[in-house]
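This report refers to the structure that appears directly beneath it.
Where a number appears in this text, it was derived from the coordinates with a stated rule and is not lab data. Note that this is a predicted model, so its numbers are computed, not measured. Neighbour counts run over all protein chains shown; Cβ positions are idealised from the backbone, glycine included.
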Amino acid sequence: MLEILNVHKRFGSIEVLKGVSFKVKPGEFVAVFGPSGSGKTTLLNILATILHPDRGEVLIDGRNIARASEDFLTALRFDYIGYVYQSCKMINSLNLLDNITLPLIIKGESKSNRVRIAIELAEKLGLSNRLKNYPSQLSFGERKRALIGMVLCKKPKLMLVDEPTANLDESNSRCVLELLDDFRQSHNSMLIVATHDSLVKEYATKIYTLTDGKIIEE
Amino acid sequence: MFLKIFKIFIKDFKRSLRWEIKYILALVLIISYWFFIVSIPSITAFNEVGPYKVAQYDLYVTGPLSENTIKKLDREAKVIVKGKTIGDIPVCSSSRCENMDVLIVNNLTTALRLTEINLAYAKEIKGNKGAVIDTFTAGKLGVRVGDTLTIHVKNVSASCKVVGILYPTSVTRYRVLVDEKSVQNISNLFPGYSCVWLKLKNKSEENNLIQSLSKSYYAVKRIDILRGRENMVENLQNSTVIKVIFYGGLVVLLTLVFREMQVIFKSKLNTLAVLMTLGVPKRTLVTCLTLELAIKWVLLVIPVSLILAKFYVENVIGLFMPIDSNFVVIVIVLLASSILLSLLVSYKLMKDFDLAGVLSEV
């Protein structure tokens, strides 16, 4: 269970989030819409424990992560949270197979298992013929899909996805959204997607709009 | 987890190898120069602090052995110093001995005056056999003035006392000065070897010696070099200068470490951001960053710098550069300071790391 209570965030003189509050239950697919600069990425960064809110509380299973220790937040990122950030940065010295299964490498999973999982995910993401390529040899859309694969590998309880369909055609967008939705349903995970794409509305169970630093449920 | 993460760092390093090599080369040049500077006191104190590491060394032998004897041999001999066999050595024939390192000659009174030796040893020489060797050779063999050098060739042994240690010069053909009789012997044996001989009736004829030497180009040059070296030694033994160079160099090196850590950090921003997002603890990343720098320094920068400095001192300058305990302490201090500094720098950089900022850069 995720609860966001009256969260404020300011960058210099600009207050990006002005008392954002909402709840996400396990198994929910929450879509956050909003124009560019409305604070969607900032909100996801706060939920991903990468940014701290200036005020307000973010409760994950009842524990306020806004005031938690660095060790606790690191552990949350390791076990609980999966974050598909907008820039699609990957490790350039690893090929796609290793990048997708990076969470498994860190956890010490055997190579045969990793390869099997990577092949399965790559097939679903339309990246089967790219597993030996390096990030610099991939398009932005391919990297986005690979990053989604990397996060799915973690099997997170809370999945945060920033613009999952950016730079993807409709067919690939549907493929990605279905994959995310399947994952949510099969693992009863919370899925929060920040997007412009109205296609996401077809999959979301709750839709919010973030405007002028405030969030409104549709 | 640590090893898994470090493997990723190694892959990152390999990927940027071309760039890394350029940076490492620059570091090596600077550090080898610093090594050279800090080893100067040991180098100049050569004659006082021996004996040195005994190492196998190509020793060209001639002198008391006639040319015919040498030719009959299989060009192999054993050199025994202080009762220890140093190893098999090649024996050269007359036509190949222009660059010999040891000469065994008769009656070295004149030669002694131009060497760095303690004249007290000269008085001990009663026989006809003595050797003057250069500092480099002495360092390699681990001998000092007064030590006995035994050259054993097949069944023939020749022992001689090291009576002089010369600073070698870039004029390789002018390492040993001997008296007339020896000159005749040597000149006959080695036409390519330049010898200057001086007739001295007794030790007091120093003026005659100087005058005689001044007539010879090589001799004059030799004296100039010796005087130059004396001046150099005096300057280098000025401890303030050495200290300033030492500490100044250390500051420069630590600045380089600081800079290198920043560069490593910058080149790994993506990797660090991705790993942190996946929940890798900052302290693991700090340790990996420090370990990478430490390995680079221990395996590459320090050894290559040391080899370069030693090569420069021994082959260009012509002196023996000992790796003594002082030098080892300096290297350890340098390494420890570098690693400690890199640990602090990487800790600070990781503490200030703007993860959200890096992730938002497209």
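Key figures for this structure:
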| quantity | calculated |
| --- | --- |
| Nearest-20 debye value, segment A:139-206 charge dipole, Cβ charges on Lys, Arg, Asp, Glu | 380 debye |
| Segment A:1-77-segment A:161-218 distance, computed between alpha-carbon centres (Å) | 17 Å |
| Calculated from backbone phi, Karplus (6.51, -1.76, 1.60) coupling profile of segment A:75-85 in Hz, x at Gly/Pro | 5, 4, 5, 6, 9, 9, 9, x, 10, 9, 7 |
| Hz values of 3J(HN,Hα) by residue in segment A:11-25 - Karplus curve (6.51, -1.76, 1.60), Gly and Pro given as x | 10, x, 8, 9, 8, 7, 10, 10, x, 7, 9, 6, 10, 10, 9 |
| Cα-centred dipole magnitude for chain A, charges only on beta-carbon of K, R (+1) and D, E (-1), debye, nearest 20 | 480 debye |
| Amide H contacts under 5 Å for A:LEU138, placed H, 5+ residues apart | none |
| Antiparallel bridge percentage (DSSP; both residues within chain A; nearest 5) | 50 percent |
| Placed amide H near A:VAL7: partners under 5 Å, 5+ positions off or other chain | A:GLY19, A:VAL20, A:SER21, A:GLU57 |
| Simple label model, 7 Å out from Cα along Cβ direction - B:ILE21 to A:ASN129, nm | 3.5 nm |
| Rounded, prolate or oblate (a/c below 1.5 giving rounded, otherwise prolate when a/b exceeds b/c) for segment A:120-170 by Cα gyration tensor | oblate |
| Estimated vicinal HN-Hα couplings, Hz - segment B:342-354 in sequence order (Karplus 6.51, -1.76, 1.60; Gly, Pro = x) | 5, 5, 5, 5, 5, 4, 5, 4, 5, 5, 8, 5, 8 |
| Peptide B:1-12, shielding by other chains (average Cβ, 10 Å cutoff) | 3 |
| Under-5 Å amide H pairs with A:VAL161, H placed in peptide plane, nonlocal only | A:VAL84, A:ILE192, A:VAL193, A:ALA194 |
| Chain A, relative contact order in percent, only Cα pairs under 8 angstrom and at least six apart counted | 32 percent |
